Amino acid sequence: MTVHATARPIRPNRSVGWVPFALVALIVVPAIAGSMRLFDLAGGPQLLPANPRITASPVPVVVHIVCAVVYAILGAFQFSHGLRRRWPGWHRMAGRVLVVLGLAVAFSALWMTQFYPRQPGTGELAYVFRLGFGTGMAASIILGFNAIRRRDVARHRAWMARAYALALGAGTQVLTLGIGNAVVGTSELNTALMLGAGWGINLAVVEYVIRARTPASRRARTPASVTAT
C-alpha cells in the first residue's frame, strides 16, 4: 500500500527580506569613495588625494565605479526570494542588465590592473590577486548566463552568487585592510594579503550558502510519499 502525503500549500513570501539591505550596507564605504572620485574627475573640489594614474586615463575608472555601484545595489535585490516570486519578470530583466554591468565591472578592473602603473604600496601578489579574481568574476558571469540559457537554475544561481561575492570584495576589504593595518601594520605583503582576504571571505561565505541550500532544494524536488507493504 502506498500513501502519498498531501503537501500543504506554501504561501509566497512577499517581503523583500533583510539580505538585500545587508549587502547594500556592505558597499556603502566604497560607493562613497567612488562618488567622491567621480566628483573630483568632474571638476569639483578635490575630496580625495590626487591620483595621476586616474587623471591620465579616467574612462576606465568612471566605467568601473558607475557600473560597480549600480551592479552592487541592483544585484543585492536579486537575492530576495520575495521579489523573485512576486515579480519574476523583473528578476529576469534585471538579470540581463546585471550581466552587462558585471562584465563591465570585471573587464574595467582587469584593464586597470594590466595597463595602469602599479599603485604605490602594492606588488606582484596584489597584481596576481586582482588579475585572478577579476577574471574569476567575468568567468562566473559567463558561466551563470550560459547555465540559465540551458534552464539550469541551480548552477545559474550559484555562478551569479559567486560573481556578486567577488564584486563585493571592495566592501569586505574595507574591514580586512583596516584590521590588518591596525594589527600588523602597513606593508606591501600585508596589503596584498588583506586584499586577497576580502575576496576569499566573500567566496567562502557564498560557497557555504550554496552548499547549505543544495540538500534542501533536492529534498524539495522529491515527492513526499510513504510506501508500506
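The values are calculated or read from the model by the stated rules, or taken from the named source; none is laboratory data. Remember, predicted model here, so these are calculated numbers, not experimental data. Methodologically, a virtual Cβ is constructed for each residue, glycine included, from the backbone with ideal geometry; neighbour enumeration extends over all protein chains shown. Only protein heavy atoms, including side chains, enter the accessible area calculation; ligands, DNA and RNA are left aside. Shrake-Rupley method; radii C 1.70, N 1.55, O 1.52, S 1.80 Å.
Tabulated values for the structure
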item	result
Those residues of the stretch 122-151 which are surrounded by 17 or more Cβ atoms within 10 Å (Cβ to Cβ) and either among the small types (G, A, S) or on the phi > 0 side of the Ramachandran plot (or both), in sequence order	A126, G134, G136, A138, S140, G144, A147
Flag for M194 being open to solvent by 20 Å² or more (accessible area, probe 1.4 Å), over 19 Å from G75 (Cα atoms), in a helix (DSSP H, G or I) and in contact with a Leu (Cβ under 9 Å, 6 or more places away or on another chain)	yes
Check on L74, free of Cβ contacts under 8 Å to residues at least 40 places away in the same chain, touching a Leu at 6+ places or on another chain (Cβ under 7 Å) and closer than 25 Å to P60 by Cβ	yes
Scope the stretch 15-37; condition open to solvent by 50 Å² or more (accessible area, probe 1.4 Å), in a helix (DSSP H, G or I) and either farther than 18 Å from A76 by Cβ or modelled with pLDDT under 90 (or both); matching residues	V19, M36
Filter result for the condition that a residue is modelled with pLDDT under 95 and out of contact with any strand residue (DSSP E or B) (no Cβ under 8 Å at 6 or more places or on another chain), over A167, A216, A228	A216
Condition broken by V62, with the remaining ones in (1) open to solvent by 50 Å² or more (accessible area, probe 1.4 Å); (2) over 22 Å from W111 (Cα atoms); (3) in a helix (DSSP H, G or I) satisfied	(2)
Filter result for the condition that a residue is on the phi < 0 side of the Ramachandran plot, at pLDDT 90 or above and not hydrophobic (A, V, I, L, M, F, W, C), over Q78, Q119, Q46	Q78
Per-region count, the stretch 80-100, residues touching a residue at least 24 places away in the same chain (Cβ under 8 Å) and either surrounded by fewer than 13 Cβ atoms within 10 Å (Cβ to Cβ) or closer than 20 Å to F21 by Cα (or both)	8
Residue within the stretch 165-175 that is open to solvent by 70 Å² or more (accessible area, probe 1.4 Å), outside any helix (DSSP H, G or I) and in contact (Cβ under 8 Å) with a residue 12 or more places away in the chain present	no
